[in-house]
Amino acid sequence: WYQRRVREAVVSTQSTGYRGSFDAFIKVFKSEGILGFYRGFPIFALGVLFGQVYITTYEYAKHRCNHLNVVMQGLLPGAVASIAGQTLSVPADVITQRLQILGMVRQKDNMTSSKYGAPVTAKPPDQSLLGICRKIMVKDGLSGFYRGYLVSLMSNVPTSGIWWATYNCLLSHSGRYVASDSQGHHKMPVQAVSGVMSGVISAVATNPLDIIRTRIQVGGSRSVVYVTRKLWAEDGMGLFVKGLSARALSMSTSSFLIILGYETVKRLSLRQGASSGGGASSAVQYN
């Protein structure tokens, strides 16, 4: 799903062209098979490590903001955590997207070779992971790995803040209609549904920012104003929905899985705290 979203986001810079999520799915599968959906995945998977930094920062910031209202308890810590996470994840994001765009170029070459009966050439050395890193370093230096860092913050900081603010609000309101469990915690199905809804809402609210970020990071102009004007000229109102279905599906699915893991670990931590004599204070901090 991540592969489809990135490819849709940069379609206007490529001549292969995708007409929506389903068309992208079919063309990627025909050209590269099932492995095409995981191109660049090993680098993207480093997000598991970066996620630890993210969630630790969030929990600390939330503790410092516990005197604020329920919206700000999610918005501010979510934004701060995103800044910490993006500082580590942007280089991996840049490399992943370069790998995926090269996959689109290879698809074009394969289609051209098939059409004219020409043999398909082997992958050039600079299309390897090491080759891409070397090319970025030679062309732009260390700053090349942080291409689009500021615009990445512009996209992901609001997304993270909106996600946690929405999640907190949904849990707060659901408590009025759905009874808590025997320990006074929100039930896991309620938390999972709230996570999915938060993912969809934050995806819709910040989709144009994500499109701009992706275009800059894969080699477009570094000017946010220029890229925004160009995208508006190309897509108009379509900018708000370009790649939205894949992004909403990706975020809702990941939100569901993340919340299951996050809340499960939190429950286990509180249970251990209770067994060691800290149950009362832990239960108060849980939401």
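The values are calculated or read from the model by the stated rules, or taken from the named source; none is laboratory data. It should be emphasised that the depicted structure is a prediction, and the values quoted were computed from it without experimental measurement. Cβ: placed from backbone, ideal geometry, glycine included. Neighbour counts: every protein chain shown. Heavy atoms of the whole protein, side chains included, go into the accessibility calculation; ligands, DNA and RNA do not. Shrake-Rupley method; radii C 1.70, N 1.55, O 1.52, S 1.80 Å.
Here are some notes:
- Taking the criterion of being β-branched (Val, Ile, Thr) and closer than 16 Å to Ile162 by Cβ, the residues of the range 66-102 that qualify are Val70, Val71, Val80, Ile83.
- Entry remark, the range 220-263: residues being in contact (Cβ under 8 Å) with a residue 24 or more places away in the chain and not charged (D, E, K, R) number 23 in total.
- Among the residues making up the range 117-145, a single one is in contact with an Asp or Glu (Cβ under 9 Å, 6 or more places away or on another chain), in a helix (DSSP H, G or I) and at pLDDT below 85: Ile132.
- Residue selected from the range 158-171 under the condition of a type in the set (A, V, I, L, M) and open to solvent by less than 30 Å² (accessible area, probe 1.4 Å), by the criterion modelled with the highest pLDDT: Ala165
- Qualifying residue in the range 75-87 (condition: β-branched (Val, Ile, Thr) and either open to solvent by 60 Å² or more (accessible area, probe 1.4 Å) or at pLDDT below 75 (or both)): yes
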